[in-house]
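Undergrad: One structure, as structure tokens, below. Some questions next.
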Amino acid sequence: MKFPPALRLGPSLALAACLCLAALVAAPASAFVADWKPIDPSHLAMKAPVVDKDADAEVIFWEVRVAHEDKGIDLGTVLDHYVRIKIFTERGRESQSRIDIPSAKIGRREIKIKDIAGRTIKPDGSVVELKKEDVFERDIVKASGVKVKAKSFAMPGVEPGAIIEYRWREVRSGIVSHNRFDFSREIPVQFVKYN
């Protein structure tokens, strides 16, 4: 088939078109991890928790996108987590400022934590981003074929009245997770959604 001269692509233009197409195809998988949701001004203005009136901090929402992977004999699951938390008191600041996200390896089964991002929205609306170099990995347990680690980080600029939010990708290799999902956290949760 012959194309008119205006529609013929030279080698470099063809390569650029292929790269753009590849980026568009890859975009939906990472879109969940790449964008922060807008902050509802009413959440920033909240003075008291909704679920438990005595809570020091409360999860506004926790959304998890679930996808299954099939790599030949290796089945797995990828969970993209996104958590937004309102801090009400100094105790809430202390308990929610440091985050540990565990990962584990038991034989051929492994849970990896990737693509961590976080930010603090201060009561005045200013934003402080978590720096990639502030996320580190540490060993929790290492014994007879079992290795448990955690990705740890401290949220920057947390104070009462602030909102913290962070997201991460949990890759479960050799584990098809269609029957075990968490719906609670150590603090009250207003809304949790798996899709």
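The values are calculated or read from the model by the stated rules, or taken from the named source; none is laboratory data. Please read these numbers as outputs of a predicted model, since none were measured by experiment. Cβ sites come from the backbone with ideal geometry, for glycine too, and all protein chains shown count toward neighbours. In case anyone asks, the SASA skips ligands and DNA or RNA and just uses the protein heavy atoms, side chains included. Shrake-Rupley method; radii C 1.70, N 1.55, O 1.52, S 1.80 Å.
Undergrad: All but one of (1) in contact with a His (Cβ under 8 Å, 6 or more places away or on another chain); (2) closer than 27 Å to Lys142 by Cα; (3) not basic (Lys, Arg) hold for Asp100; which doesn't?
TA: The number of the failed condition is (1).
Undergrad: Give segment 123-142 a look and list any residue that's open to solvent by 50 Å² or more (accessible area, probe 1.4 Å) and assigned to a strand (DSSP E or B), or say none.
TA: Val127, Glu129, Phe136, Glu137, Arg138, Asp139, Ile140, Val141, Lys142
Undergrad: I would also like to ask the following. What number of residues within segment 74-122 satisfy the criterion of being open to solvent by 60 Å² or more (accessible area, probe 1.4 Å) and part of a strand (DSSP E or B)?
TA: First, the residues of segment 74-122 that are open to solvent by 60 Å² or more (accessible area, probe 1.4 Å): 74-75, 90-91, 93-95, 98, 100, 102, 105-106, 108-109, 112, 114-115.
Among the residues that remain, those that are also part of a strand (DSSP E or B) are: 74-75, 98, 100, 102, 105-106, 109, 112, 114-115.
Final tally of qualifying residues: 11.
Undergrad: Considering only residues that are touching a helix residue (DSSP H, G or I) at 6+ places or on another chain (Cβ under 9 Å) and among the β-branched types (Val, Ile, Thr), look in segment 86-119 and name the one that is nearest to Pro160 (Cα to Cα).
TA: Among them, the one singled out is Ile87.
Undergrad: In addition: When you go through (1) part of a loop (DSSP other than H, G, I, E, B); (2) modelled with pLDDT under 85 one by one for Glu69, which number turns out not to apply?
TA: (1)
Each row is one residue, and each column tells you yes or no for (1) hydrophobic (A, V, I, L, M, F, W, C); (2) in contact with a helix residue (DSSP H, G or I) (Cβ under 8 Å, 6 or more places away or on another chain); (3) modelled with pLDDT of 90 or more.
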{"position": "Pro5", "(1), (2), (3)": "no, no, no"}
{"position": "Lys37", "(1), (2), (3)": "no, no, yes"}
{"position": "Ile73", "(1), (2), (3)": "yes, no, no"}
{"position": "Gly76", "(1), (2), (3)": "no, no, no"}
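Undergrad: Here is a follow-up. How many of the residues making up segment 152-164 are open to solvent by 50 Å² or more (accessible area, probe 1.4 Å) and either under 13 Å from Leu130 (Cα atoms) or at pLDDT below 95 (or both)?
TA: 1
Undergrad: With the checklist (1) in contact with a helix residue (DSSP H, G or I) (Cβ under 9 Å, 6 or more places away or on another chain); (2) closer than 27 Å to Asp54 by Cβ; (3) open to solvent by less than 30 Å² (accessible area, probe 1.4 Å) in hand, flag the one item Arg167 doesn't pass.
TA: Arg167 satisfies all of (1) in contact with a helix residue (DSSP H, G or I) (Cβ under 9 Å, 6 or more places away or on another chain); (2) closer than 27 Å to Asp54 by Cβ; (3) open to solvent by less than 30 Å² (accessible area, probe 1.4 Å) except (2).
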